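What follows is a single structure, written as structure tokens, with notes after it.
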Amino acid sequence: MSTAAKRPTIIVDCDPGHDDVFALVVANHYANLVGITAVHGNAPLSRTLPNALIACDVFGIGAPVFAGADRPLVAPPRNAPHIHGESGLGGPELPPVRRAAEKTGAVEAIIELVRKHEGEGVWLAPLGPLTNIALALRAAPDLGKRIAGISLMGGGTLHGNRAPHAEFNIWADPEAASTVFNYGGPLKMVGLNTTHQVVITKEFVQRVSALGTPSAKFAAELLDFFSTTYGEQLGVYGGPLHDPCAIFAITHPDLFDLREKRVDIELHGEFTRGMTAVDERPIVQSKKEKPNALVAYEPKSAQIFELIYEALATSPSA
Ligand code: RIB
Ligand code: CA
């Protein structure tokens, strides 16, 4: 079993979204989760924000939640109801929202939290379109030097999902993604080439359900809905648990093979807008553009599911 390094300090930027919820659970369990910012994405912000608050309630997560951008920088807003349902969290009956979001907006919160926790080395973990992170980097040009790094779920080296060559989070706001990939500091990219090897099974859903607690029941219903809608897309039951992987790339980096690559965001291609153009040429590094990312490959999927199970089994509200 992989062992965690010292609990890193993390701000999660998310668009819950089924897999985002499991990322929040593992971030809360294996890291010092100091803030959660919501962004448009899988559903409009009017849903992803309450969904983040509901996830905190159900799984006993105490981090403050902040509202972020309700649309991309340039592109029109687009969501993914065919995967996540109209609510963004299809499957379980959603409880009423009991907690309130903070008054501060996401961009200001990211800047303030990074300054407050700078000595701890703060990681940003964006799990949705990169609008909030790009706006924060633009608003505070010193932000990039104050963070330990960014570990994002997005892109891929082989194929897209929302378009043949574009993964949803990058495709939904390519201009923001380009800002983030060029910010100049440490960046881990956990894309579809990796997350499509971390796929939910019926056995895992049953194991979670068998925990028998209200939060485990909620989790199992999320996993089943997501695996069913993904099953309609992929032809076989099972959703890839994308977003927790970007958290594990911070907390348990030895679960992946992280390779230095140059990654650029395609902004103009008729068929490739939103693509992560990863330089995979088999030529020596000195002849390529300088790398700007550690790209994740070869996830240890069985260990990842064990760590998720452990986090669910010991969830504070379990
Ligand atoms: O393409 C997968 C990503 O898009 C995940 O982050 C999922 O939650 C959606 O945002
Ligand atoms: Ca997401």
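The table for this structure:
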| quantity | calculated |
| --- | --- |
| Scope the range 203-224; condition open to solvent by 60 Å² or more (accessible area, probe 1.4 Å) and touching a residue at least 60 places away in the same chain (Cβ under 8 Å); matching residues | 207, 214, 217, 221, 224 |
| Every pair of residues 6+ apart whose Cβ atoms lie under 8 Å, when the first sits in the range 1-22 and is under 17 Å from residue 315 (Cβ atoms) and of a type in the set (Lys, Arg) while the second is modelled with pLDDT of 95 or more and open to solvent by 10 Å² or more (accessible area, probe 1.4 Å) | 7/30; 7/32 |
| Verdict on residue 190 being farther than 23 Å from residue 69 by Cα, at pLDDT 95 or above and within 16 Å of ligand 1 (Cβ to nearest atom) | no |
| Test: residue in the range 149-166 that is more than 16 Å from ligand 2 (Cβ to nearest atom) and over 19 Å from residue 273 (Cβ atoms) | yes |
| Scope the range 141-156; condition in a loop (DSSP other than H, G, I, E, B) and over 17 Å from residue 14 (Cα atoms); matching residues | 141, 142, 156 |
| Of all residues in the range 264-318 being open to solvent by 40 Å² or more (accessible area, probe 1.4 Å) and among the basic types (Lys, Arg), the one that is nearest to the chain's Cα centre (by Cα) | 300 |
| Qualifying residue in the range 117-133 (condition: surrounded by fewer than 24 Cβ atoms within 10 Å (Cβ to Cβ), in contact (Cβ under 8 Å) with a residue 60 or more places away in the chain and not in a helix (DSSP H, G or I)) | yes |
| Single unsatisfied condition, residue 200 versus (1) out of contact with any Ser or Thr (no Cβ under 7 Å at 6 or more places or on another chain); (2) open to solvent by less than 10 Å² (accessible area, probe 1.4 Å) | (1) |
| Every residue from the range 236-260 that is open to solvent by 20 Å² or more (accessible area, probe 1.4 Å), within 20 Å of residue 124 (Cβ to Cβ) and either within 16 Å of ligand 2 (Cβ to nearest atom) or free of Cβ contacts under 8 Å to residues at least 60 places away in the same chain (or both) | 260 |
| 1 or more residues more than 18 Å from residue 150 (Cα to Cα): qualifying strands (runs of 3 or more DSSP E) within the range 196-313 | 276-278 |
| Pair list, Cβ under 9 Å, 6 or more apart: the range 157-181 residue in a helix (DSSP H, G or I), other residue among the acidic types (Asp, Glu) and open to solvent by less than 20 Å² (accessible area, probe 1.4 Å) | 169/15; 172/15 |
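This table checks each residue for (1) closer than 17 Å to residue 71 by Cα; (2) without any contact (Cβ under 8 Å) to a residue 12 or more places away in the chain; (3) assigned to a helix (DSSP H, G or I).
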position	(1), (2), (3)
25	no, no, yes
28	no, no, yes
35	no, no, no
42	yes, no, no
58	no, no, yes
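Rundown of residues vs (1) in a helix (DSSP H, G or I); (2) open to solvent by 50 Å² or more (accessible area, probe 1.4 Å); (3) away from ligand 1 (no atom under 16 Å from the Cβ), yes/no style:
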position: 7; (1), (2), (3): no, yes, yes
position: 13; (1), (2), (3): no, no, no
position: 61; (1), (2), (3): no, no, yes
position: 69; (1), (2), (3): no, no, no
position: 78; (1), (2), (3): no, yes, no
position: 92; (1), (2), (3): no, no, yes
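The values are calculated or read from the model by the stated rules, or taken from the named source; none is laboratory data. Remember, it's a predicted structure, so these values are computed and weren't measured experimentally. Note that each Cβ is placed from the backbone with ideal geometry, even for glycine, and that neighbours are counted across all protein chains shown. Note: areas computed on protein heavy atoms with side chains; ligands, DNA, RNA excluded. Shrake-Rupley method; radii C 1.70, N 1.55, O 1.52, S 1.80 Å.
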